[in-house]
Every structure is written in C-alpha cells, then in structure tokens.
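Working notes, beginning with the structure itself.
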Amino acid sequence: MIPQNFEYSAPSTLQDALALLADGSAKVLAGGMSLIPLMKLRLAAPEHVVDMGRVPGLDGIHQASDGIHIGAMATHYQIESSPVLRAHCPLLAETASHIGDVQVRNMGTIGGSVAHCDPAADYPAALFALEAQVRLASASGERTLSFAGFLVDTFTTALEPGEIVTEVIVPAESSGAGVSYQKLHQPASGFAMVGAAVRIARANGGIGFVRVGITGLASKAYRATNVETILQSTGNVEKAAAVVADGIEANSDLNASAHYRSQMARVYTARALKIALARAS
Amino acid sequence: MKLSGNYTVPIGRELAYHLMQDPAVLARAMPGCNHLALVAPDEYEMRMKMVISSIQGLFAGKVRIADRNPPASFRLIVEGSGKVGFMKGDGLLTFATLYTSTDIHYEGEVQVGGMIAGVGQRLLDTTSRYLIKKFFEKLTAEATAQMPQAAD
C-alpha cells in the first residue's frame, strides 16, 4: 500500500536533526525496517519523518575505557561483522546475526530496534545479559540510561518526545568468558518466539559470573536473575533453566501459547547455558 | 482472544466498584480516551486515540455497563472502530475484598478485526495486557487521589 502523505526531512547534522525533532511531533526514521511497513499499512501515519540516514558519525563502533560504543545507526550486519565486537563482545555480534533476514540486517539498525522496542526483538536479551547502557540526546541535552531503565514495557521506552538514541554501550567481555544466544525463531518473520542470551565466566572450578537475558517470552525482555543465582550456587544447568519462566506472564499468540512459550524458554535457556559453558575456558 | 487476569487496588471494595462506574474516572483511566459521554442509561459514547510505538489509531465507539451487582461484579462491554480496524470486548469484572485492598478480577473475550488484527496478531496479547495494566495503574492513582484525607 501507499503511505499517507508526510513531510520528509533528511538533516545532515545531528544538531539539525535534534532541532527538527524538538517539538516532539516528528517521527525518527532509522533503518525503516519496522516504521516503513507500518506506514505502508497505514497503521502509522506520521505527519513528519526525520531520516537519520544522512547524519554522519552515528554508525561507528569503537572501544573506549568504559566499554564498546555502538552508534545508533550501526546496522545489524555491521554489528554481526564488526571485528571489535566479534573479539570483545561476541554475544552482541552473535545476536545480531540471528535477526530477521539478510535484507533486514543490511538496513535495520540497533538504535531503531531498541527505540521501537518490539517485545520479540533479539537485541534486548543480549543487552540485558550485557547490562548495556543507552545514550540519548535531544535538543536540550544528553543522558545515559541503563538498558533496564530504558526499556519500560512493550513498545514503550524511556525516550521523551524529541529525544533519540545515539549510542548503545556494552562492556568488553573478559577473556575466557563463554557466551551464547539461542532462539526459537518464527519461520516467516524471524522474530524470536523466545530468545535466551547468556554470558558465563568460570572461576576456581565453578561459575564465577553468569548473566541471562530473555526476550520474546513476556511483554518485555528481562534479566533472569533467578536462573543466574541457581546456576551460580548449584552449577546445574537444568535446575537453573527450569525457573526461567517462574513468575512471568508469558505471551500467547497465534505462533505459540503461553504454556508452550514458557516450556521453550526453559529449553532454549538450557541450550544457551550449555553452549556458553562449553565455550567458557 | 480470551483475556483474564487480576489487579489489586489499594482501596476498599465499595470505592473500587464506585470508581469504575464513574465516567469521569473511566475517561481519565482509559489509555488514550479523550471523550466519554453518557448517551443512555449505562451507555457511553467514547473516542480514543491509541498510540503504541509507531502505531496510532483513532477509535470511536461505545462503552456499556450491564448486569450490575454492586459491589461484587458488573459486566463491561466495549465496542470501537477506526481506520485501522475494530474491536469488541465483553468482560466480567468481579471485586473481592483482600484485607484493606480490593482484588479486581477480569475475564472476558476480545475480538479484534481489520488491518490491525491482520498484521498485528502477534502483538495483540501483549498490547492488550499492557493497556489493561495501564488502566488499572491510572485507576489506582485516581483512587489514591480521592481517598479520604486521613487514615494512616
């Protein structure tokens, strides 16, 4: 279908973009992998679209003392193939490689994905496991939020009108850590019916550190601290994975019932834990 | 699609029941509602603008209250339609005292059709539950604001 008429701006600096967005009425276009289909279906009908595609410097990936900074306009393909991320944050690179299909990965961006906040998106699982941070900017300034503070609920983030995501900051992985992202993907859309992201580091013959992020199961992604605690104290993968859906109100839709989703969350969490453990040295 | 769940509001049963029949309170608590007017006994006309992420829709419809059994239960029937689709919901709300709070249980069936159902089926469950949660959160805020000043 053809979208409704809208005004289109393609600013060439971040300042211009933020000025155009300042009154909160315009919609930000990043990779367009969610917004454009919604506009074509006329489920979204923004009056003004601000395309970030010509703003330079928003797609860089570089390592700094406080972690790896990923520009909001970095595509999923850039993230999956980045030498810096593959070496120092393999979980995010692995997660990006599972998103959608090749076309989506070539166009879609991490900033667009986290701002859209689809409950079945892949990144949130990894970003919870990584305890990532999100940098936001608006005409009136900048702020940094933890990913847990940024993600409010289904399709809802802490972004204020006129505010955009400029960077996602992830920690550099310690050497010897094992990571894995395992997902049950919807065959047509590639969305995660459930996805489990795990980071594990061994210490003194046991588990020194473990982080588990889950997406697709509930209305929003979350960090499964109960799984982490059980794995750390018992070392038993099955016991730990068994509690992943405890206390969670699982989604139910035409792809999977809540019961099936919860069961798959346990299965895929166990898989991700096993693989990450095997990779950890 | 069947929907059920419960929510605990920190107010007594009579007040909770009464608040949920007050059109002014309902209008403020329903996400995106910008018009709610009584058109017949127990029947309201409503307009709402829903904005969920990039998706936005204007809906116009009716809200009806039936099978009143104060302060234990009533039936809420909501119908709305807009460019992006239509929705019809019919639910029974029951109020149970839980110490000084009230446990509101809802159980009902929602039908969604049109474009929004065709492409958004995957998202209907999460978004409906999110909207219901927001409704009860706002209702709680309303209740707290209307609570007799005192009693701590």
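If you go through segment A:194-233 and keep only what is modelled with pLDDT under 95, under 30 Å from B:Lys134 (Cβ atoms) and either in contact with a Lys or Arg (Cβ under 8 Å, 6 or more places away or on another chain) or part of a strand (DSSP E or B) (or both), you end up with just A:Ser219. Considered as a group, the residues in segment B:124-146 that are aromatic (Phe, Trp, Tyr) and more than 10 Å from chain A (Cβ to nearest Cβ) include one that is farthest from the chain's Cα centre (by Cα), and that residue is B:Phe136. Restricting segment A:30-60 to residues that are buried (at least 20 other Cβ atoms within 10 Å of the Cβ) and part of a strand (DSSP E or B), the residue that is nearest to the other protein chains (Cβ to nearest Cβ) is A:Val49. Part of a helix (DSSP H, G or I) and not assigned by TED's automatic domain parsing to the domain that holds A:Ser25: is that true of A:Thr144 in this structure? For A:Thr144, the condition - part of a helix (DSSP H, G or I) and not assigned by TED's automatic domain parsing to the domain that holds A:Ser25 - is not met.
With respect to A:Ala87, is the statement that it is assigned to a helix (DSSP H, G or I) and either away from every other protein chain (no Cβ under 14 Å) or acidic (Asp, Glu) (or both) true?
So A:Ala87 passes the test.
Any residue that is assigned to a loop (DSSP other than H, G, I, E, B), in contact with a helix residue (DSSP H, G or I) (Cβ under 8 Å, 6 or more places away or on another chain) and closer than 30 Å to A:Arg261 by Cα - is there at least one of those in segment A:103-112? Within segment A:103-112, one or more residues are assigned to a loop (DSSP other than H, G, I, E, B), in contact with a helix residue (DSSP H, G or I) (Cβ under 8 Å, 6 or more places away or on another chain) and closer than 30 Å to A:Arg261 by Cα.
Applying the criterion of being at pLDDT 95 or above and in a loop (DSSP other than H, G, I, E, B) to the residues of segment A:234-246, the residue that is nearest to B:Asp125 (Cα to Cα) is A:Ala245. Residue pairs whose Cβ atoms lie under 6 Å apart, sitting 6 or more positions apart in sequence or on different chains, and linking a residue in segment A:166-192 that is within 14 Å of chain B (Cβ to nearest Cβ) to a partner that is among the charged types (D, E, K, R) and in a strand (DSSP E or B), are A:Ala192/A:Lys183.
Considering (1) within 14 Å of chain B (Cβ to nearest Cβ); (2) of a type in the set (Ser, Thr, Tyr); (3) touching a Lys or Arg at 6+ places or on another chain (Cβ under 9 Å), the lone condition that A:Thr157 does not fulfil carries the number (3).
Screening A:Leu127 with (1) touching a Phe, Trp or Tyr at 6+ places or on another chain (Cβ under 7 Å); (2) surrounded by fewer than 23 Cβ atoms within 10 Å (Cβ to Cβ) gives one miss only, at (2). For segment A:234-250, the candidate set comprises residues that are farther than 24 Å from B:Lys133 by Cβ and not β-branched (Val, Ile, Thr); within that set, the residue that is farthest from the other protein chains (Cβ to nearest Cβ) is A:Gly235.
Screening segment A:1-30 for residues that are closer than 24 Å to B:Met50 by Cα and of a type in the set (Gly, Ala, Ser) and picking the one that is modelled with the highest pLDDT gives A:Ala30.
On inspection, A:Val179 fails the criterion of being within 25 Å of B:Ser4 (Cα to Cα) and modelled with pLDDT of 95 or more. In this structure, B:Arg64 does not qualify as at pLDDT 90 or above, part of a strand (DSSP E or B) and under 25 Å from A:Pro161 (Cβ atoms).
Test A:Ala120 against the stated conditions and say whether it is under 10 Å from the mean Cα position of the chain (by Cα), at negative phi and within 14 Å of chain B (Cβ to nearest Cβ). So A:Ala120 passes the test.
In the condition set (1) in contact with a Phe, Trp or Tyr (Cβ under 6 Å, 6 or more places away or on another chain); (2) away from chain B (no Cβ under 14 Å); (3) surrounded by 24 or more Cβ atoms within 10 Å (Cβ to Cβ), A:Arg105 is compliant with all but (3). Among all positions in segment A:131-153, there is at least one residue which is within 11 Å of the chain's Cα centre (by Cα), touching a residue at least 40 places away in the same chain (Cβ under 8 Å) and within 13 Å of chain B (Cβ to nearest Cβ).
The values are calculated or read from the model by the stated rules, or taken from the named source; none is laboratory data. These numbers come from a predicted model, not from an experiment. FYI the Cβ positions are ideal-geometry reconstructions off the backbone, even for glycines, and counts take in every protein chain you see.
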